[in-house]
Each structure stands twice: as structure tokens, then as C-alpha cells.
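Student: Got a structure for you, questions after.
The values are calculated or read from the model by the stated rules, or taken from the named source; none is laboratory data. Quick caveat: nothing in here was measured; it's all calculated off a predicted structure. Using ideal geometry, Cβ is built from the backbone for each residue, glycine included, and neighbour counts are taken over all protein chains shown.
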Amino acid sequence: MSFTPSPADKFAFGLWCIQNRGRDPFGEVTRPALTVEQCIRGLAERGVYGLEFHDNDLIPFGAPAAERDRIVKETKKLLADVGMKATMATTNLFYHPVFKDGAFTSTDPAIRALATQKVVAAIDLAVEMGADVFVFWGGREGTEVDASKDPVRATQWFREALNFLCEYVLDQDYDLKFSIEPKPNEPRGDIYLPTVGHVLAFIATLNQPHLVGTNPEIAHVKMAGLNPYHEFAAALDAGKLLDVHLNDQKPLRFDQDLSFGSENLKEAFFLVKLLTDHQYGGTIGFDAHPYRSEASPWDFVTRNLRTYKIMQAKVQAFNENKAIQQLLAEIHGASPEAAGMLTEYSRDACRRLKSQSFDIESLAGRALPYEKLDQLVTELLLGVL
């Protein structure tokens, strides 16, 4: 079986991933800078479909309008020439010192207005580039000093900005959806909207919730000690999974942005299975960084793409394996007479439920061969099944 990616796979990389030069808090850069053109051409050569970018990945902060227009024109032509698409855009509201205490949640209303102004310009850029998802990662939306901000008021400020920006998209008749990317901490001590559940609850309070979804990231989920399979599933179930950011992470540590599947193959498998089984139709975005030891990003890119393709083959093998499917049929085939009992409420249905008798001892004593099932999955991933 070939594990060579193609544009049909709808893989996407953040421009910031390819341009990462290996700098960390304890060391300087370890590899040369790559231009936007080098990044795009290198991704296209490896079958990548989509490009994700921050506004300032393309347009230097404060660049004059003429320079902005030139860069946009040249980048759009390059993407068309190599057969790639700009799929997701976002705004850098975390690097400049003006955002040191937040953008939408800054205690200074002028900074909140500046951040919103910057996003309006970035939305125009995203639409001009052809992106259909616009992400909000609130890296500075948080605090280290709880006395400094009331989290209820900070959330209200965040809501005001999102409501304003949703109305802007509607007023401009843009075909664009917003996506909020949760993260529990780093660079702030605590970041607002730290998990998928927090984001989903927040979206429900917006004036235009149909315009907003979420894009979970594996590393961010594991930083919170949660299970990526379940977090992504929550977004899928809510109809709010607009984009995905795949990578890997050692749990409960700083944001490591490791390559997809490099730390936990079983987690990677079940995430690919989830997206496959539920026919997720968005792009498969990778948000990771090459190791600091790498001279270039290209082995890193290939590794991520190949791992995902291999996991797709493992999902197919799982679905076709007779022993696994027999066990699943046994596990899920119990009590067929009770199926549909709770599908829809009516007084008659409730009357039948209240009068239903259950054999508690028999139900409690039912065998569930989960050890065997889990071992079969393990053997499948190890290549011996």
C-alpha cells in the first residue's frame, strides 16, 4: 500500500511550522530562514493541499498598503501555480508587546479596539487569499495574577469582540467561519477558554453562534491532561469541528508541538479513526515544529504526512478485521429488545419505561471482553495482526 500523500488528502500545514527555526527559550536559531515561496513550493512537492497562515506570516506588521497588495498578489499566483489553496488564516495577537496582557481581554479598551481593528484587516486578507476558516488562538488572553482581572468581565470583553467581528463578516457577505482554538496555559499562566468544553459553552452565548466553531489541537488537549479522542469527539458531536491541528505531546508539560503520532501511536490511531468514521470533511492541519536538531523541515513534513496515511490504513484494517468486528458485534449487540426505548419522549413511551422490568443480576454479570479487544488493537498497531 502506498503512503504517498496527495492533494486529495486535504493535508495542510501552518506556514509558521515550516518557518520555525528551532529557537526556544534557552537557545538561538539552529537552521536558516525559509522564504514563503520556499515553504509553499516544498509543501506542494510533498502533496500538501492547504496553507494555514497568520496575517504577519505574510504581511510584516505595519507594512504599507502597496507592499501588502504586492505580497498578496504574488502569493496567490504562487499558490495557483503549484496547485495549493490557502485554507485557514489567523491573526497574530500575541507577539507584539502591545498585547502583553491580552488582546480582546486586555484591561485597556484601546488595546481591545486595536486588536479588533487588526483582526478586521486580517479577515479581509483571509478572504482575499481564499481561506474559508479564520482561527482565534488566544495565547495572551489570560492572566498570571488573578487580582488583575475578573474572569467574568474578561469573558464579556472577549464576547463583545467576537460578536462585533461576526457582524462584520455578515455585513461584508463573506463566506467565512470563525474557529476558536483552546489551550489551557502558555504563554500565560492561565488562558481563558482552555478546553473544547469551555469553547462550546462560550459559542452558545454569542449572537451568531452558527458562524463559530472550534479547532482542537492534540498538544493543547494533553497539556490539560485530557484525551484528544474525546475532546475532538465533543466538537464533532456539536457540529463545531471546523479545523483540526494535529501534533503530539508528552502530557502535562510545556507545549512541545511534536510530530503527529511520535509520542502515542494509539491516540493517533483513534483520532484518525474518529475523523474517518464520522466523515470529517475539513482539512487535516498539522501544527507542529521540527526538532531543534533538524537542518531543514522537510523530513518533519514527510513524517507527519506519512504517519497519518499509515494510520488511515490501520483504520481500514481495523474495520476489516474479523476478530475485532466479531468482538464489537458482541459488545454492542446486547439487549436488542431495549433498543429505541429512549429515542423519543412521549407519555406512552414513559409509561412503558416505568413498567419495564430489568434482570439486574443478568445485566451486571454480562461479560465485556475489553482486555481482548484492546490487545487486538495493540497487535494491529504493532503489525502482528
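Student: Can you pull out every residue in the range 226-249 that is touching a strand residue (DSSP E or B) at 6+ places or on another chain (Cβ under 8 Å), closer than 17 Å to residue 288 by Cα and not polar (S, T, N, Q)?
Tutor: Correct list: 243, 244, 245, 246, 248.
Student: Kindly indicate which of 301, 221 is surrounded by 24 or more Cβ atoms within 10 Å (Cβ to Cβ), modelled with pLDDT of 95 or more, within 14 Å of the chain's Cα centre (by Cα) and not acidic (Asp, Glu).
Tutor: Sole residue among the options that is surrounded by 24 or more Cβ atoms within 10 Å (Cβ to Cβ), modelled with pLDDT of 95 or more, within 14 Å of the chain's Cα centre (by Cα) and not acidic (Asp, Glu): 221.
Student: Anything in the range 141-169 that is surrounded by 14 or more Cβ atoms within 10 Å (Cβ to Cβ) and closer than 30 Å to residue 76 by Cβ? List them, or say none.
Tutor: 161, 162, 164, 165, 166, 168, 169
Student: Let me ask something else about it. Could you check residue 133 against (1) among the β-branched types (Val, Ile, Thr); (2) under 26 Å from residue 176 (Cα atoms); (3) surrounded by fewer than 19 Cβ atoms within 10 Å (Cβ to Cβ) and say which number it fails?
Tutor: Residue 133 satisfies all of (1) among the β-branched types (Val, Ile, Thr); (2) under 26 Å from residue 176 (Cα atoms); (3) surrounded by fewer than 19 Cβ atoms within 10 Å (Cβ to Cβ) except (3).
Student: Within the range 81-130, can you find the residues that are within 30 Å of residue 46 (Cα to Cα), in a helix (DSSP H, G or I) and of a type in the set (A, V, I, L, M, F, W, C)?
Tutor: Within the range 81-130, 82, 122, 123, 125, 126, 127, 129 qualify.
Student: Another question about this same structure. Mind counting the residues in the range 162-211 that are touching a Lys or Arg at 6+ places or on another chain (Cβ under 7 Å) and closer than 19 Å to residue 243 by Cβ?
Tutor: 6
Student: When the residues of the range 240-275 are filtered to those that are under 21 Å from residue 376 (Cβ atoms) and more than 14 Å from the chain's Cα centre (by Cα), which remaining residue is surrounded by the most Cβ atoms within 10 Å (Cβ to Cβ)?
Tutor: 261
Student: Something else about it: Would you check if residue 237 is acidic (Asp, Glu), within 21 Å of residue 378 (Cβ to Cβ) and at pLDDT 95 or above?
Tutor: Here the answer is no, as residue 237 does not meet what is asked.
Student: Does residue 246 satisfy being modelled with pLDDT of 95 or more, in contact with a His (Cβ under 7 Å, 6 or more places away or on another chain) and hydrophobic (A, V, I, L, M, F, W, C)? Spell out the reasoning first.
Tutor: Working: modelled with pLDDT of 95 or more: yes; in contact with a His (Cβ under 7 Å, 6 or more places away or on another chain): no; hydrophobic (A, V, I, L, M, F, W, C): yes.
No; evaluated as a whole, the condition is false for this residue.
Student: Kindly provide the set of residues from the range 24-44 that are surrounded by fewer than 21 Cβ atoms within 10 Å (Cβ to Cβ) and in contact (Cβ under 8 Å) with a residue 12 or more places away in the chain, ordered by number.
Tutor: Listed by number, the residues that qualify are 24, 27, 30, 31, 33, 34, 36, 37, 41, 42, 44.
Student: I'd like to verify a number: residues in the range 186-221 that are in a helix (DSSP H, G or I) and out of contact with any strand residue (DSSP E or B) (no Cβ under 8 Å at 6 or more places or on another chain), how many?
Tutor: 6
Student: Can you tell me which residue within the range 57-75, out of those that are among the charged types (D, E, K, R) and either in contact (Cβ under 8 Å) with a residue 60 or more places away in the chain or under 15 Å from residue 39 (Cβ atoms) (or both), is surrounded by the fewest Cβ atoms within 10 Å (Cβ to Cβ)?
Tutor: Checked the range 57-75; the qualifying residue surrounded by the fewest Cβ atoms within 10 Å (Cβ to Cβ) is 74.
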